[in-house]
Structure formats: structure tokens, C-alpha cells
């Protein structure tokens, strides 16, 4: 399996699970660093109804290319409200490097807190 993670959806497109694969540390490379490698045949599914993605130091263009209704800026960063993380797509929240580009961990942590508050408000209003 070349992709260690797959988000599963139902017939309506709602998230209902994640397909994962167990990893282990491989042999040290020339620098002495051991990198994770997939354990063949160890795939498993976790039942979920929400996925919060943490992606890295720059926006992944795959997100904006595959998510209709998600506004981005000229740097391919997701446009989101600073105080809540709310994006142009209902029920989708973003923060950290996906919104600001490379920044500090402190800013990403605050964006995570703001996003959690925004998500909580959104979910509470759906009840």
C-alpha cells in the first residue's frame, strides 16, 4: 500500500472512517536516521465522523483542488476567519500553516484553539 491513510466516506460524501496502516522504524540511512516504513498487510479501519488534518509547513494544493467552495489566496493558502478558523465552505475550518503559510508553532497552536472554539460553536448550533 503506497498511501498510509485514506479517508472513507458514505454514499452522501460524509466521513465515516479512516483506513490506516501500521508503521515501524526502518534501518538507519547514511545519516543514521531511521525512517518510518509501512508494515505490509497491517491495514486497519478506524470509525470516525470528523477528521482534523495537520498537514505541514505549506498549504497542500490537493485540498483546494479537491474541495469545491473553499476560497484560497494567491499563495494557495486557505482563507479563514482568524477568530474561528471558519472557511468559505460550511462546516470546514482551517488554521496554522494551511492559512498563514510557514509560521511559528505558537501561531499554529492559537489557530488550533480558535478553530476548536469555532468548530464547537458550529456543532452546538446544529443540535
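The values are calculated or read from the model by the stated rules, or taken from the named source; none is laboratory data. What you see is a predicted model; the values in this text were computed from it and never measured. Reconstructed Cβ throughout: ideal geometry from the backbone, glycine too, with neighbour counts over all protein chains shown.
Tabulated data
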quantity: Segment 39-53, subset in a loop (DSSP other than H, G, I, E, B) and over 12 Å from residue 5 (Cβ atoms), residue modelled with the highest pLDDT; calculated: 49
quantity: Only one of 32, 13 that is outside any helix (DSSP H, G or I), modelled with pLDDT under 90 and on the phi > 0 side of the Ramachandran plot; calculated: 13
quantity: Residue in segment 110-118 that is surrounded by 13 or more Cβ atoms within 10 Å (Cβ to Cβ), outside any helix (DSSP H, G or I) and in contact with a helix residue (DSSP H, G or I) (Cβ under 9 Å, 6 or more places away or on another chain) present; calculated: no
quantity: Of the criteria (1) surrounded by fewer than 14 Cβ atoms within 10 Å (Cβ to Cβ); (2) under 18 Å from residue 71 (Cβ atoms); (3) modelled with pLDDT under 90, which one residue 83 fails; calculated: (3)
quantity: So residue 69, is it under 29 Å from residue 120 (Cβ atoms), touching a helix residue (DSSP H, G or I) at 6+ places or on another chain (Cβ under 6 Å) and either in contact (Cβ under 8 Å) with a residue 12 or more places away in the chain or assigned to a loop (DSSP other than H, G, I, E, B) (or both); calculated: no
quantity: Failed condition for residue 76, given (1) surrounded by 15 or more Cβ atoms within 10 Å (Cβ to Cβ); (2) modelled with pLDDT of 90 or more; (3) assigned to a loop (DSSP other than H, G, I, E, B); calculated: (2)
quantity: Hits in segment 92-109 (condition: assigned to a helix (DSSP H, G or I) and surrounded by 13 or more Cβ atoms within 10 Å (Cβ to Cβ)); calculated: 97, 98, 99, 100, 107, 108
